[in-house]
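The values are calculated or read from the model by the stated rules, or taken from the named source; none is laboratory data. Quantities reported herein were computed from a predicted structural model and do not represent experimental measurements. Cβ: placed from backbone, ideal geometry, glycine included. Neighbour counts: every protein chain shown. Protein only, heavy atoms only, side chains kept; ligands, DNA and RNA dropped before computing areas. Shrake-Rupley method; radii C 1.70, N 1.55, O 1.52, S 1.80 Å.
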Amino acid sequence: MLSKFFILFFLLSLFSAPAQFKQDTSKRANFLVIPLLFRSPETLWSTGITGSVSFKTGNKHEPLTRTSTIQAIIMFTQRHQNVQAIDATIFFPKDNYVLLFQTSHSYFPDKYWGLGSDTKGIAKEDYAFHQVYIFPHLKKKITKTVFVGALYEYQNVFNIDYLQDGLYSSTIQYGKTDYVVSGLGGSISYDTRNSSYWPTKGMLIQGSFTDFNTHFGSNYNDLKSILDIRYFKKLFKNTIIAGQIYNYSNDGQVPIRELAMLGGANNLRGFYQGRYRDDNMTTIIGEYRIPIYKRFSTCIFGGIGDVYRKLKDVTSRSFKHSYGAGLRIAILPKEKLNIRIDYGYSSKYNRGLYFTVGECF
């Protein structure tokens, strides 16, 4: 009932203040500020405010330069969590350089079910932490479709609170006490997508690695690597088929917040993010995106995946799956930047409603 009320409240606010969402193409930048009322498995009901600015660097009519976006959010949740974050994607003229930047502070009471792909639903435990996170990633265009990049990742996790002699204490090897991970890395990507927010064709193949090392001020030594493959194709009547293969791997001393965590708004929707955790994870997600009317479109999605310590541990019986559908409302129709409302389902114990800006992938 509450989820229906939220959707009605949001749609009424959209139609009652259309100027707030209208994209003014005569301006160099477009600003959007909206209040938030939403729910996810990780936060329960949440309130806050988000603001974003969308713009083009250099000449605003330059077709070879994609639209840049900087988004800020302040969020307070029913589970007494709070998050303050800034997320930026800046495309410099003709996309010769791309700067990705994330920074956040959070206090986050969380849930922990243990490590591995076979943890039981009833064996969960509460724990909490504070975290400061900084992640700049600068990419340079080498050819029209190939970028190479350098990145830095910093994570300070402190005031970790958990039950002594409980599940967390007995299974977490690294990250029981305050810690810092700090590392340098690199990336290479191949990108033929025709849009950053709602591609109708093309693909993205991006690989990256981060070397967390005591030489960089890290408390743990760990090599993290990520492979992200996305594919988009337009079908009949402007419908779009989209797919993603995502692999997250660690080799070394892996603290709690660097473990692979299955689930969440940008992975297998319906699972609590971190319901299953381990050193590594592989997921496959498919979406069918369908325009409805003007600003509105819908999406049907499904996915499968698992976490694991060693690849040989993965079996077809251990695979996790979820599916669902959602509504999209374009807040910048020209750029196809959408507000996303999704409902993901795997079982009566793993399901959830998500509200955010931008697509899952």
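Numerical summary
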item: Qualifying residue in segment 75-92 (condition: in a helix (DSSP H, G or I) and either modelled with pLDDT under 85 or under 30 Å from Leu268 (Cβ atoms) (or both)); result: no
item: Output for segment 25-60, where each listed residue is assigned to a strand (DSSP E or B), among the polar types (S, T, N, Q) and crowded, with 17+ Cβ neighbours inside 10 Å; result: Asn30, Ser40, Ser46, Thr50, Ser52, Ser54
item: Verdict on Lys141 being closer than 27 Å to Arg309 by Cβ and of a type in the set (Lys, Arg); result: no
item: Total residues in segment 302-336, condition open to solvent by less than 10 Å² (accessible area, probe 1.4 Å) and at pLDDT below 85; result: 1
item: Whichever residue in segment 104-117 is assigned to a strand (DSSP E or B) and either without any contact (Cβ under 8 Å) to a residue 24 or more places away in the chain or open to solvent by less than 40 Å² (accessible area, probe 1.4 Å) (or both) and, among such residues, is nearest to Ser187 (Cα to Cα); result: Ser104
item: Number of the exception - Ser249 against (1) more than 24 Å from Arg351 (Cβ to Cβ); (2) in a strand (DSSP E or B); (3) in contact (Cβ under 8 Å) with a residue 40 or more places away in the chain; result: (3)
item: Tabulated pairs, segment 271-288, first in contact (Cβ under 8 Å) with a residue 12 or more places away in the chain and of a type in the set (A, V, I, L, M, F, W, C), second surrounded by fewer than 21 Cβ atoms within 10 Å (Cβ to Cβ) and part of a loop (DSSP other than H, G, I, E, B), C-beta under 8 angstrom, 6+ apart or interchain; result: Ile285/Phe361
item: Scan of segment 258-282 for residues that are surrounded by fewer than 21 Cβ atoms within 10 Å (Cβ to Cβ) and of a type in the set (Ser, Thr, Tyr), ordered by number; result: Thr282
item: Pairs where the first residue, in segment 136-157, is under 23 Å from Ser182 (Cβ atoms) and the second is of a type in the set (S, T, N, Q), C-beta under 6 Å, 6+ apart; result: Gly149/Ser187; Glu153/Thr210; Tyr154/Ser182; Val157/Gln131
item: Scan of segment 283-301 for residues that are out of contact with any Ser or Thr (no Cβ under 9 Å at 6 or more places or on another chain), crowded, with 20+ Cβ neighbours inside 10 Å and more than 11 Å from Gln244 (Cβ to Cβ), ordered by number; result: Ser297, Cys299
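Okay, residues lined up against (1) at pLDDT 95 or above; (2) of a type in the set (D, E, K, R); (3) exposed (fewer than 13 other Cβ atoms within 10 Å of the Cβ); (4) farther than 30 Å from Arg193 by Cα:
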| position | (1), (2), (3), (4) |
| --- | --- |
| Pro136 | yes, no, no, no |
| Ala150 | yes, no, no, no |
| Glu153 | yes, yes, no, no |
| Asn156 | yes, no, no, yes |
| Ile160 | yes, no, no, yes |
| Asp165 | no, yes, yes, yes |
| Ser170 | no, no, yes, yes |
| Gly175 | no, no, no, yes |
| Gly183 | yes, no, no, no |
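One line per residue, one yes/no per condition, for (1) among the acidic types (Asp, Glu); (2) more than 23 Å from Asn280 (Cβ to Cβ):
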residue: Glu62; (1), (2): yes, yes
residue: Phe101; (1), (2): no, yes
residue: Asp126; (1), (2): yes, yes
residue: His137; (1), (2): no, no
